[in-house]
Structure formats: structure tokens, C-alpha cells
């Protein structure tokens, strides 16, 4: 890896053009260094916090395989101290849909740090598969990330 970078540096120094080699070198540097700690999109195992309201006694509401996660951005943005929407406040948008668990998650996608850009934090809710259409109608999307 290091020898490849040394060879590329030598090639770029020996050429007479100004813009192309420097920008190509920058892109190669970003490509090789961007995810040095592992795959940027690796699956992260998160322990979901226990939600006491999700415990139902005496009522059968389907198995865990019949459930899906839906989400909506919590409104957090770079460079702003904007108001994040709490889990409880956003849960009201789901109206009569039964929520089994809820937590804040990050979608794990890489973003540029530009002021006003969405950070990627979202409020996620575990609901029955049969309620997915109603949740989408309420402005939520199905969680397909990690």
C-alpha cells in the first residue's frame, strides 16, 4: 500500500501538468484513507434499550418476525442547535399504531459536514408489518439500514 502511494507520488511529481495529478492524488488519498478503520457500512450491533411500554400482558400481538422498523429524521443538523424531536413527541404521529419498541439510531451513511445538512439521526419505531402502510402514510419510511 505504501509503495503504491510512493509510486503514485513519483508519477505525479514527474508530470508537468498542474491540476489533474493533484486532484487525482487527492481523490486517491481520500479513497485509501476514508475507511481505514474498517468497512464504513459494516453492520453495527446495537442493544435496543428496554421499553417498559412495550410489555403487553395477556394480549397476542404477533411474533417478532411479523414486525418492521419505521423511522423519521429527528431534525438534527450540522452546525445548528436546532430542536431535535423526541421519541415520545414523534410517536404521536403514529396515532393508533401499536409501538413495541422505540429508539434513536443513526443510519450509518457517510455525509459531508456542511452546515444545515442532516446528520442522519432518526427516531425508529418497531411496529407490526400490517401497520406499515399506515405508518408510511403518516410520513415514516421503512428502516432498511443496519
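Values in this text are rule-based calculations from the coordinates and carry no lab data. Quantities reported herein were computed from a predicted structural model and do not represent experimental measurements. Here the Cβ positions follow ideal geometry from the backbone for every residue, glycine too, while neighbour counts run over all protein chains shown.
Using the average count of surrounding beta-carbon atoms within 10 Å as a protection proxy, the listed peptides 109-120, 93-104 rank, highest first, as 93-104, 109-120.
Spin-label model, residue 136 to residue 103: label points 7 Å out along the Cα-to-beta-carbon direction sit 2.6 nm apart. In terms of the Cα gyration tensor, with a ≥ b ≥ c the square roots of its eigenvalues, is the stretch 58-146 rounded because a/c is under 1.5, prolate because a/b exceeds b/c, or oblate? The shape class here is prolate.
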